[in-house]
Amino acid sequence: LFTSINGIFKDINFRNDSTIATVSISTKDKSGFEIKKLEARLKFTPQEMEFSNLDMVTNKSHLSNYYTMRYSDFDDDMSSFLHNVTLEGNFVNTEINSDDLAFFAPALKTWNRSFTISGNARGTVDNFSAKKMIIHSGNTTVDGDIALRGLPDFKNTFIDFTANNLQTNYADLITIVPSLRNVRQPQISKLGNIRYKGNFTGFANDFVAFGTINTNLGAVTSDINMKLLDGRAPVYAGKISTAAFNIGLFLNNK
């Protein structure tokens, strides 16, 4: 499935069943995904492929500085990559474009976003967690810990997110959760700049938010479940409290 495979291998060592080398590789996949440059200190064993001092450039992304893939059997597990291969990464000033992610998760092809990421992640593609992650994209900043179960099907992916600080706005939100465009009541667009600290648990269209939200309309403390139903009005259940929030503007009710 790969063509135009080019590589330079230096300082090669064979230790028992392991091969260690400094590598520089480029290749193209038939899907259009391209590894323009992959430079690293490679350790290849029957159970692991480790890239330290990683510098990797793809179509629109740039990753560094550590990544490893662990497996029980290379041939069997690689053929079921999403479920059987355990990934671990330490990302430093890494830039990932949603167009590249869409090769693996087609639901992201409409996002048209670039993300700058720092932090640690571990797990399989369909069940992974990330600690001390700091993510920037457009007007959105995320600082916290997150676990995702169900990728690459984002709509049915369960999210467990602890936000030390999340800042965003309506324009960014509707890019990531397009169903918010259909919400006319309340007027989410009136919230302006949004800052959230707390926990988010559930799915993109059915979740519980427990924490404090600061917006242009005021601040709200919430413990609320929100369901975004296709073609129907959203449904809310839970508790909210506020000392000063412009609910009239939020509900378009003078």
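Here are a few things to note about the model shown:
- You will find that of Ser118, Ser129, the residue that is of a type in the set (Ser, Thr, Tyr), open to solvent by 40 Å² or more (accessible area, probe 1.4 Å) and outside any helix (DSSP H, G or I) is Ser129 and no other.
- From the options Ile12, Ile35, residue that is of a type in the set (A, V, I, L, M, F, W, C), touching a residue at least 12 places away in the same chain (Cβ under 8 Å) and assigned to a strand (DSSP E or B): Ile35
Let's see how each residue does on (1) under 23 Å from Thr162 (Cα atoms); (2) among the basic types (Lys, Arg); (3) without any contact (Cβ under 8 Å) to a residue 40 or more places away in the chain:
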| position | (1), (2), (3) |
| --- | --- |
| Thr94 | yes, no, yes |
| Ser98 | yes, no, yes |
| Phe104 | no, no, no |
| Ala107 | no, no, no |
| Ser114 | yes, no, no |
| Gly119 | yes, no, yes |
| Thr124 | yes, no, no |
| Phe128 | yes, no, no |
| Met133 | yes, no, yes |
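- Residue in segment 215-235 that is over 18 Å from Ala204 (Cβ atoms) and either part of a loop (DSSP other than H, G, I, E, B) or among the aromatic types (Phe, Trp, Tyr) (or both) present: yes
- Number of positions in segment 226-251 that are in contact with a Ser or Thr (Cβ under 6 Å, 6 or more places away or on another chain) and loosely packed, with under 15 Cβ neighbours inside 10 Å: 2
- Phe154 vs. criteria within 15 Å of the chain's Cα centre (by Cα) and modelled with pLDDT of 90 or more: no
- The set of residues from segment 75-113 being assigned to a helix (DSSP H, G or I), farther than 20 Å from Leu38 by Cα and either open to solvent by less than 60 Å² (accessible area, probe 1.4 Å) or not polar (S, T, N, Q) (or both) comprises Asp75, Asp76, Asp77, Leu82, His83, Pro106, Ala107, Leu108.
- Residue pairs whose Cβ atoms lie under 6 Å apart, sitting 6 or more positions apart in sequence or on different chains, and linking a residue in segment 230-250 that is without any contact (Cβ under 8 Å) to a residue 60 or more places away in the chain to a partner that is of a type in the set (S, T, N, Q), are Ala237/Asn225; Gly238/Asn225; Ile240/Ser222; Ser241/Thr221.
- Residue that is nearest to the chain's Cα centre (by Cα) [pool: residues in segment 58-74 that are open to solvent by 70 Å² or more (accessible area, probe 1.4 Å) and of a type in the set (D, E, K, R)]: Lys60
- Of all residues in segment 38-57, exactly one satisfies the criterion of being touching a Ser or Thr at 6+ places or on another chain (Cβ under 6 Å), in contact (Cβ under 8 Å) with a residue 24 or more places away in the chain and either open to solvent by less than 30 Å² (accessible area, probe 1.4 Å) or outside any strand (DSSP E or B) (or both), namely Thr45.
- Some residue of segment 163-179 being among the hydrophobic types (A, V, I, L, M, F, W, C), without any contact (Cβ under 8 Å) to a residue 12 or more places away in the chain, open to solvent by less than 50 Å² (accessible area, probe 1.4 Å) and not in a strand (DSSP E or B): yes
- Residue satisfying condition, being open to solvent by 70 Å² or more (accessible area, probe 1.4 Å), within 27 Å of Asp153 (Cα to Cα) and touching a Lys or Arg at 6+ places or on another chain (Cβ under 9 Å), within set Asp223, Asp206: Asp223
- Segment 132-162, residues that are of a type in the set (A, V, I, L, M, F, W, C) and in a helix (DSSP H, G or I): Phe154
- Enumeration of residues in segment 15-32 that are closer than 25 Å to Asn84 by Cα, part of a strand (DSSP E or B) and either open to solvent by 60 Å² or more (accessible area, probe 1.4 Å) or basic (Lys, Arg) (or both): Lys28
The values are calculated or read from the model by the stated rules, or taken from the named source; none is laboratory data. A quick note: this is a predicted structure, and the numbers were derived from the prediction, not measured. Backbone-built Cβ (ideal geometry, glycine too); neighbour counts: all protein chains shown. Accessible surface is based on the protein model in full, side chains and every heavy atom, while ligands, DNA and RNA are left aside. Shrake-Rupley method; radii C 1.70, N 1.55, O 1.52, S 1.80 Å.
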